[in-house]
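Read the structure below first, then the notes.
FYI, it's all coordinate maths here, none of it is from the lab. Keep in mind it's a predicted model, so treat the numbers as computed, not measured. A quick note on method: Cβ atoms are made from the backbone with ideal geometry, for glycine too, and the neighbour counts reach across all protein chains shown.
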Ligand SMILES: C[S@@+](CC[C@H](N)C(=O)[O-])C[C@H]1O[C@@H](n2cnc3c(N)ncnc32)[C@H](O)[C@@H]1O
């Protein structure tokens with residue numbers, strides 16, 4: 001079922017909310033694909049992070065979003081809830097995760113189906129460094145990106161390089177695990193050299209924090225000699 005099947009406005013978003021509440025309160029789920037039980041946390045985003053993510057989707061009026069790291073889809077459910085609130089029936093979320101059907105036993109896709117939003121989510125079972133350049137070649141574009149995949153410096157750096165081309169000028173990149181030195185350093189390149197702005201850095205929860213970056217609206221006209229240490 002997709003959001004257009006609902007007889008009255010808000011019903012689709014409420015169905016997503018019901019699944020989010022159930023996952024948060026139970027903290028674990030059984031995969032339909034293989035019967036395995038999965039503890040969702042701390043892999044999945046926290047309540048606070050999910051709410052912040054949904055808030056940014058709504059504030060930006062996003063209709064096209066992309067996520068690196070679907071896993072248990074708690075982040076994706078919050079993104080979809082925000083997209084539904086924004087009210088565009090054509091809104092779509094793209095989620096990249098090479099391990100969804102193996103390590104995660106398809107749980108994320110299962111929860112999206114239970115929430116009634118499987119039809120608005122496009123899953124790519126491959127690494128972001130493979131999928132994102134293809135999206136560039138296909139001239140795809142997004143209003144907002146959520147990054148929660150490979151947290152090595154080079155993984156995040158490559159993701160941000162491609163997202164700089166895929167997210168619209170002045171769009172938002174919501175970056176998880178900003179407490180990791182590698183993640184903060186990768187973001188720092190874009191802030192110090194490419195004119196991106198730091199919109200928000202969250203408070204610490206027990207384990208971590210996130211940051212929200214805004215991409216530059218100015219074209220990249222740096223001469224080759226231009227470099228700011230980061
Ligand atoms: C911390 S989990 C994401 C949790 C998810 N956001 C949620 O709320 O349930 C990290 C995810 O990144 C995925 N991942 C790791 N390396 C990746 C890569 N290179 N490209 C895309 N996804 C990757 C993993 O398979 C895992 O599902």
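From most to least packed by mean Cβ count within 10 Å, the peptides 79-87, 17-25, 117-125, 219-227 give 79-87, 117-125, 17-25, 219-227.
Between residue 185 and residue 168, what is 0.36 nm times their sequence separation minus the Cα-Cα distance? Round to one decimal in nm. Contour length minus Cα-Cα distance gives 3.9 nm.
By DSSP, the beta bridges lying fully in the range 3-214 are antiparallel in about 40 percent of cases.
Please grab the % of Cα pairs in the range 3-214 that end up more than 28 Å from each other. Within the range 3-214, distances greater than 28 Å cover 22 percent of Cα pairs. The GNM of the chain, with springs linking C-alpha atoms under 10 angstrom apart, assigns the highest mean-square fluctuation among 71, 211, 11 to 11.
Rounded to the nearest 500, what is the chain's calculated 222 nm mean residue ellipticity when only DSSP H runs of at least 4 contribute -39500 (n - 2.57) each, over all residues? About -12000 deg cm²/dmol. Label positions at residue 22 and residue 203, each projected 7 Å from the Cα along the C-beta direction, are separated by 3.1 nm.
Ordered by the number of other Cβ atoms lying within 10 Å of each residue's own Cβ, fewest first, 54, 134, 15 fall into the sequence 134, 15, 54. Counting only alpha carbon atoms, the long axis of helix 47-59 and the longest principal axis of the chain meet at about 70°.
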